[in-house]
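Structure, as structure tokens:
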Amino acid sequence: MNLAQLFTSTAERQPAAPALRLDDTVISYADLDEATARVAGLLRSRGITPGDRIGVMLPNVPEFAAVYYGVLRAGGVVVPMNPLLKAREIAYYLSDSGARSIFVWHEAGSEAVTGAERIDTAVEVVSIVPGGLDEVVSGIAPSPQVADRTPDDTAVVLYTSGTTGQPKGAELTHANLTRNVEVSQVDLLRLDATDVVFGGLPLFHSFGQTVTLNTAMAAGASVILLPRFDARAAVHLLAQHRATVFAGVPTMYAALLGLADAPALPDLRVCVSGGAALPVEVLHRFEDRFGTMVLEGYGLSETSPVASFNKPGQERKPGSIGTPVTGVELRVVDAAGAEVSVGEVGEIAIRGHNVMKGYWHKPEATDEVLSPDGWFRTGDMGRMDEDGYFYVVDRKKDLVIRGGFNIYPREIEEVLYEHPEVAEAAVIGIPHPELGEEVGAAVALRPGATVTEKELRDFVKGQVAPYKYPRVVWFVDALPKGPTGKILKREIVAPTSPATTKENAR
């Protein structure tokens, strides 16, 4: 088994079909197959053997796919990296993974060279300019054979975001990723060769790799690449190329809604959301605006990533992450790992073909989250209803404890998104001298909004229990986001800790 076979089998079946589009450039499956074979030939000529790690630090450009499948074709292990990383971060990724080489976008070339120089082992840095892969592989004979790998061999080492300490590399096997692509293609997206898939999710992230690139290549669909997400550029591409599938994170949906002059998108047949909780109000507004159904799902880097989804053809429950995908189990457990009752909040645990082999060279960290019988503890708090649908309540680490009461920020954020003048909102805990924590809300408003902090606070106050509403509300131009568009709460700077006033103590 080799993940690359999902692509190579399609290239053999329909060589002339368009695989990738970027601006006016169209790359056929045959062209991409040739490029991947030359990358594999380059790696083999330089002594790369099966199991060697290769860094891939490229944006959403055709060269990403060529290098990604080329590395896999040669039997190597892909180490995807954000092209915005700096030298210090690059040095960590290269050193921790033991990468032999790194393919880097030209704009980050100097950072990659500096990062490579900071580690003890030699790392070859291959810089790529737009359309310049041919020059890199010039004179290299194609190596078309696909290396034999076992299902349990590692295909990708995908580093987590590192919200606590240094990032950890999740080892995703050929079986993990291949089976996750299969369920995404058949059960969720129902893709075929006629589909046009929006490729705006970063391909260095598991969501973009599995749900857009790999799934599209397996189905023979075409992917419209967008190197950096911009709402206006995205909606233009969706309309121009008559895209049928849109996959995005919640902030992308909110950004598209913010375009007052967005064109109709009649060809969109399915939209999927993941990466973070999609506010129900945003879901309803998007569906009303563009006339298409949004299916929300759930997964993590450690689960390849898809674990559950609201599936087409089945009952959809807005606000829910749906039911487990084929071959995967979900349950809600307490601190001891025992399953809790229906409706009770606990930690979501996952078991199935999608769960990683472990964290790269970190057995202790692996043991903390992965039980001997294969259950992965996600760190996400959730519940299951009587129909077997799951709901994410919040991250365990995001829980706000105010005066002994547990408050889940997502519940408060859902209310804030119901206000017509709110574009984005994030609720966090702010240190408080008497209560331990106070509830705070950072809010970005829509253009032309006139609502005040007090009015927003009162808006929420009227809809939740008295101890839950945010006593501290402040406005920001925009909320900090990671490379996938996910809001980074750890980077939100709160106002000075609130004084102990009668209002704050209530």
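The values are calculated or read from the model by the stated rules, or taken from the named source; none is laboratory data. In this text the structure is predicted, and so the values were computed from the model without any measurement. Counting neighbours? That spans all protein chains shown, and the Cβs are built from the backbone with ideal geometry, glycine included.
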The one condition Ala247 fails out of (1) aliphatic (A, V, I, L, M); (2) part of a loop (DSSP other than H, G, I, E, B); (3) at pLDDT 95 or above; (4) surrounded by 24 or more Cβ atoms within 10 Å (Cβ to Cβ) is (2)
Conditions (1) touching a strand residue (DSSP E or B) at 6+ places or on another chain (Cβ under 9 Å); (2) more than 22 Å from Met381 (Cβ to Cβ) -> Ala277 fails only (2)
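Residues of the range 336-358 being polar (S, T, N, Q) and closer than 25 Å to Thr326 by Cβ, which ones?
Here is the first cut: in the range 336-358, the ones polar (S, T, N, Q) are 341, 354.
Asn354, the sole residue that qualifies.
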Qualifying positions in the range 154-191 - among the polar types (S, T, N, Q) and modelled with pLDDT under 95 = Thr160, Ser161, Thr163, Thr164, Gln166
Within the range 423-470, which residues are in a loop (DSSP other than H, G, I, E, B) and over 32 Å from the mean Cα position of the chain (by Cα)?
-> Pro433, Glu434, Leu435, Thr450, Val451, Thr452, Gly462, Ala465, Pro466, Tyr467
If we ask which residues in the range 283-327 are more than 17 Å from the chain's Cα centre (by Cα) and within 18 Å of Met356 (Cβ to Cβ), their number turns out to be 3
How many of the residues in the range 231-269 are touching a Cys at 6+ places or on another chain (Cβ under 8 Å) and of a type in the set (A, V, I, L, M)?
-> 2
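Would it be correct to say that Val280 is in contact (Cβ under 8 Å) with a residue 40 or more places away in the chain, crowded, with 18+ Cβ neighbours inside 10 Å and of a type in the set (Val, Ile, Thr)? Break it down into steps so the answer makes sense when it comes.
On the way: in contact (Cβ under 8 Å) with a residue 40 or more places away in the chain: yes; crowded, with 18+ Cβ neighbours inside 10 Å: no; of a type in the set (Val, Ile, Thr): yes.
For Val280, the condition - in contact (Cβ under 8 Å) with a residue 40 or more places away in the chain, crowded, with 18+ Cβ neighbours inside 10 Å and of a type in the set (Val, Ile, Thr) - is not met.
I want to confirm something. Restricting to the range 383-392 and keeping residues that are touching a strand residue (DSSP E or B) at 6+ places or on another chain (Cβ under 8 Å) and at pLDDT 95 or above, which single residue is nearest to Asn406 (Cα to Cα)? Spell out how you get there, then give the answer.
To start, the set of residues in the range 383-392 that are touching a strand residue (DSSP E or B) at 6+ places or on another chain (Cβ under 8 Å) comprises 383-385, 388-392.
Pick out the ones that are also at pLDDT 95 or above and you get 383-385, 388-391.
Working: Arg383: 15, Met384: 19, Asp385: 20, Gly388: 25, Tyr389: 23, Phe390: 20, Tyr391: 17 Å.
Filtering first and then ranking leaves Arg383.
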Can you tell me which residue among Glu135, Glu171, Glu124, Glu182 is in contact with a Phe, Trp or Tyr (Cβ under 6 Å, 6 or more places away or on another chain) and assigned by TED's automatic domain parsing to the domain that holds Leu20?
-> Glu171
Which ones in the range 73-131 are among the acidic types (Asp, Glu), in contact with a Gly (Cβ under 7 Å, 6 or more places away or on another chain) and over 24 Å from Thr154 (Cβ atoms)?
-> none
Specify the residue that is surrounded by the fewest Cβ atoms within 10 Å (Cβ to Cβ); the eligible residues are those in the range 137-165 that are in contact with a Leu (Cβ under 7 Å, 6 or more places away or on another chain) and within 15 Å of Val67 (Cβ to Cβ).
-> Ile140
If Thr114 passes every condition in (1) touching a residue at least 40 places away in the same chain (Cβ under 8 Å); (2) out of contact with any strand residue (DSSP E or B) (no Cβ under 8 Å at 6 or more places or on another chain); (3) not hydrophobic (A, V, I, L, M, F, W, C) but one, which one does it miss?
-> (1)
Across the range 377-416, what is the number of residues that are in contact with a Pro (Cβ under 7 Å, 6 or more places away or on another chain) and within 19 Å of Pro466 (Cα to Cα)?
-> 4
Look at Val78 and say whether it is in contact with a Ser or Thr (Cβ under 9 Å, 6 or more places away or on another chain), on the phi < 0 side of the Ramachandran plot and among the hydrophobic types (A, V, I, L, M, F, W, C).
-> no
Conditions (1) out of contact with any helix residue (DSSP H, G or I) (no Cβ under 7 Å at 6 or more places or on another chain); (2) modelled with pLDDT of 95 or more; (3) crowded, with 23+ Cβ neighbours inside 10 Å; (4) part of a loop (DSSP other than H, G, I, E, B); number of the one not met by Thr194 | (3)
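Counting only residues that are among the hydroxyl-bearing types (Ser, Thr, Tyr) and part of a helix (DSSP H, G or I), which one in the range 284-310 is surrounded by the fewest Cβ atoms within 10 Å (Cβ to Cβ)? Lay out the reasoning, then the answer.
Filtering the range 284-310 down to residues among the hydroxyl-bearing types (Ser, Thr, Tyr) leaves 292, 298, 301, 303-304, 308.
Now narrow it down to the ones that are part of a helix (DSSP H, G or I): 301, 303.
Working: Ser301: 20, Thr303: 27.
Restricting to residues being among the hydroxyl-bearing types (Ser, Thr, Tyr) and part of a helix (DSSP H, G or I), the top hit is Ser301.
Within the range 251-264, identify whether any single residue is buried (at least 16 other Cβ atoms within 10 Å of the Cβ), in a loop (DSSP other than H, G, I, E, B) and touching a strand residue (DSSP E or B) at 6+ places or on another chain (Cβ under 6 Å), and answer yes or no. Step through it out loud before you land on a result.
First, pick out the residues of the range 251-264 that are buried (at least 16 other Cβ atoms within 10 Å of the Cβ): 251-257, 262.
Cutting the leftovers down to in a loop (DSSP other than H, G, I, E, B) gives us 262.
Filter once more, so that each one left must be touching a strand residue (DSSP E or B) at 6+ places or on another chain (Cβ under 6 Å): none.
The answer is no; no qualifying residue exists.
What residue, of Val333, Val345, Val294, is closer than 23 Å to Glu182 by Cβ and β-branched (Val, Ile, Thr)?
Values: Val333 fails: closer than 23 Å to Glu182 by Cβ; Val345 fails: closer than 23 Å to Glu182 by Cβ.
Sole residue among the options that is closer than 23 Å to Glu182 by Cβ and β-branched (Val, Ile, Thr): Val294.
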Report, by residue number, each residue of the range 329-345 that is closer than 25 Å to Pro279 by Cβ and under 23 Å from the mean Cα position of the chain (by Cα).
-> Leu330, Val332
Pair list, Cβ under 7 Å, 6 or more apart: the range 216-236 residue part of a loop (DSSP other than H, G, I, E, B), other residue at pLDDT below 95 = Phe229/Met252; Phe229/Gly485
